[in-house]
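The values are calculated or read from the model by the stated rules, or taken from the named source; none is laboratory data. Because the structure is predicted, anything quoted here is derived from the model rather than measured. Neighbour counts run over all protein chains shown; Cβ positions are idealised from the backbone, glycine included. In case anyone asks, the SASA skips ligands and DNA or RNA and just uses the protein heavy atoms, side chains included. Shrake-Rupley method; radii C 1.70, N 1.55, O 1.52, S 1.80 Å.
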Amino acid sequence: MTSVDTAWLPPAERFDFWQDLVARQSSTATIRSAHADDFTASARVVDLGTIRLGVWRYPSLEFTRPAHLIDSGDPELYQLALPLSGRGVMTQQRHETPLDPSAFALVDTVRPHGSRLRPDGATPGAVETLTALVPHRALPLAPHRLTRLCAAGIPARTGMGALLAAFLRRIVAHPEQYAPADAPHLDRVALDLIAGALAGLLDVERELPVDVRVSGLRARVTAFVRRHLTDPDLSPAAVAAAHHLSLRSLHRLFEGTGTTVGELIRTGRLERAARDLADPRLRGLSVAQIGARCGFAHPAHFSRAFRAAYGSSPREHRERAVRG
């Protein structure tokens, strides 16, 4: 991970520094801003190996990558951009799509493109954008097909796009939670989610390699489990039925991952219960009520499972949190 902030530079040097940073981390472009005289901005870049993630925070600006700045030796990359705040527009190949937090926008960096972004009411004075740079060769989709998606909105609040957005945001928000050895796994999952989201829009999911489709389905199942942890009826059988799978197929889906759907459910509920027990805002709830709101139908089962996982009872865990 690399973090930079223009605040440590003299105001007159900040904008030039930012343009050089963008050229090194993404691609050479012409950048204009009404705030060029005092460009207060920051960036965090997380390199997973194949994919490079970035979170960019800056005032309003206009980005243009015309044909004369594109060299035959430039790396062939796709860039997915998701505004976390701010609004604007992205253009490529006579296509134009709005930029806002509801959707990713895709561009091919070796073709001319441009974008404009400005703050909105959510974060006055600042724009924040999440980006993912992906080599052409890393996606198992034909370039001529992906051309159809350039400067097109890719929903980030539903379907595979929502899974992708949540996954990438979790990595860039807390990269310190991961060890360097985690990078290849995170890289692979991100690539599979990107391929799945793009293939879904093109309606060519069946053309993806089997391992990519399996990874995407596993990600959907995991997200479903997290959303429904509070449902006491959540079980592997219920998860299988919700995804039109046999129970045997569901178990096979997680073979070799080091976990099972049952363990995902149990671990997720226990982690939520541990957080709730330590939350001072929930002190008015009894231990049994905490267990129930985390999906445990029986207090005795909740206590046994909690002690087995954490080495103490739920009540002891809460008392320890109160003391400090």
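Summary table
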read-out: Any pair with Cβ under 8 angstrom, 6 or more apart, that starts in region 58-79 at a residue that is over 21 Å from A36 (Cα atoms) and ends at one that is part of a helix (DSSP H, G or I) and open to solvent by 40 Å² or more (accessible area, probe 1.4 Å); value: E76/R137
read-out: Among (1) touching a His at 6+ places or on another chain (Cβ under 6 Å); (2) over 20 Å from L53 (Cα atoms); (3) not charged (D, E, K, R), the one test that Q93 misses; value: (1)
read-out: Leading residue by the ranking (least open to solvent (accessible area, probe 1.4 Å)) among those in region 156-180 that are charged (D, E, K, R), closer than 14 Å to L84 by Cβ and in a helix (DSSP H, G or I); value: R170
read-out: Test: residue in region 107-119 that is out of contact with any Asp or Glu (no Cβ under 8 Å at 6 or more places or on another chain), free of Cβ contacts under 8 Å to residues at least 60 places away in the same chain, over 22 Å from T6 (Cβ atoms) and among the hydrophobic types (A, V, I, L, M, F, W, C); value: yes
read-out: Total residues in region 26-54, condition of a type outside the set (V, I, T) and open to solvent by 40 Å² or more (accessible area, probe 1.4 Å); value: 9
read-out: For T91: the one exception among (1) outside any loop (DSSP other than H, G, I, E, B); (2) in contact with a Cys (Cβ under 8 Å, 6 or more places away or on another chain); (3) open to solvent by 40 Å² or more (accessible area, probe 1.4 Å); value: (2)
read-out: Those residues of region 7-27 which are in contact with an Asp or Glu (Cβ under 8 Å, 6 or more places away or on another chain) and polar (S, T, N, Q), in sequence order; value: S27
read-out: Candidate set from region 135-155 (those that are part of a helix (DSSP H, G or I) and not aliphatic (A, V, I, L, M)); member that is surrounded by the fewest Cβ atoms within 10 Å (Cβ to Cβ); value: H144
read-out: Matching entry among A199, A183, A219, A223 (being buried (at least 20 other Cβ atoms within 10 Å of the Cβ) and part of a helix (DSSP H, G or I)); value: A199
read-out: Spans of helices (runs of 4 or more DSSP H) in region 240-324 with at least 1 residues among the hydrophobic types (A, V, I, L, M, F, W, C) and open to solvent by 70 Å² or more (accessible area, probe 1.4 Å); value: 247-253, 299-310, 314-323
read-out: Near pairs, Cβ below 7 angstrom, 6+ apart or cross-chain, from region 4-16 (free of Cβ contacts under 8 Å to residues at least 12 places away in the same chain) to any residue that is open to solvent by 30 Å² or more (accessible area, probe 1.4 Å); value: L9/F17
